[in-house]
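Notes for the one structure printed next.
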């Protein structure tokens, strides 16, 4: 397979990882992924075969997103003010959809509240179906460090989801918590 085919093969997973690295900001994730593709296709980022292509690609995405994050921090206040004005109202007639959406929002908020490394480890293992060893390579940390981030992230996520149940009176289904953090 050539480079372009490999990028196409992993596009959906790469986009998911870019979203995770960009705090689920679709515009930033789009920009990061486009920058990564340009780097790879122009040869500024070169695959050397020391890991799987996917692991290498995810590491390039993480490093590119980190650089984009530093740029984002500079403009964050302005973007936050714009975002406040564009929130949409929820359709009250779709109660079931609303509740499902609220559970998803609570899950995303709980994930977003985790430290970056814990969130990254969970994303790579759960959503990208990587082993902790592969996640360590993507994150640029040792296997032991990745395991610590992964286990602490699961514990904190479980605690946050259970605390959310108590504080707002809504229930995040126990089986969903177990499925996410076991």
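Summary of values
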item	result
Given (1) surrounded by 12 or more Cβ atoms within 10 Å (Cβ to Cβ); (2) at pLDDT below 75, index of the condition residue 95 fails	(1)
Number of positions in segment 1-25 that are over 11 Å from the mean Cα position of the chain (by Cα) and either in a helix (DSSP H, G or I) or closer than 21 Å to residue 115 by Cα (or both)	9
Failed criterion for residue 81 (all others in (1) more than 26 Å from residue 164 (Cβ to Cβ); (2) modelled with pLDDT of 85 or more hold)	(2)
Members of segment 106-122 found to be crowded, with 20+ Cβ neighbours inside 10 Å and within 16 Å of residue 16 (Cα to Cα), listed by number	111, 119, 120, 121, 122
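Table: residues versus (1) over 19 Å from residue 137 (Cα atoms); (2) in contact with a helix residue (DSSP H, G or I) (Cβ under 8 Å, 6 or more places away or on another chain).
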| residue | (1), (2) |
| --- | --- |
| 24 | yes, yes |
| 31 | yes, yes |
| 43 | yes, no |
| 51 | no, yes |
| 55 | no, yes |
| 60 | no, yes |
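The values are calculated or read from the model by the stated rules, or taken from the named source; none is laboratory data. Everything numeric here is computed off the predicted structure, so don't read it as measured data. Ideal geometry is used to build each Cβ from the backbone, glycine not excepted, and the neighbour counts take in all protein chains shown.
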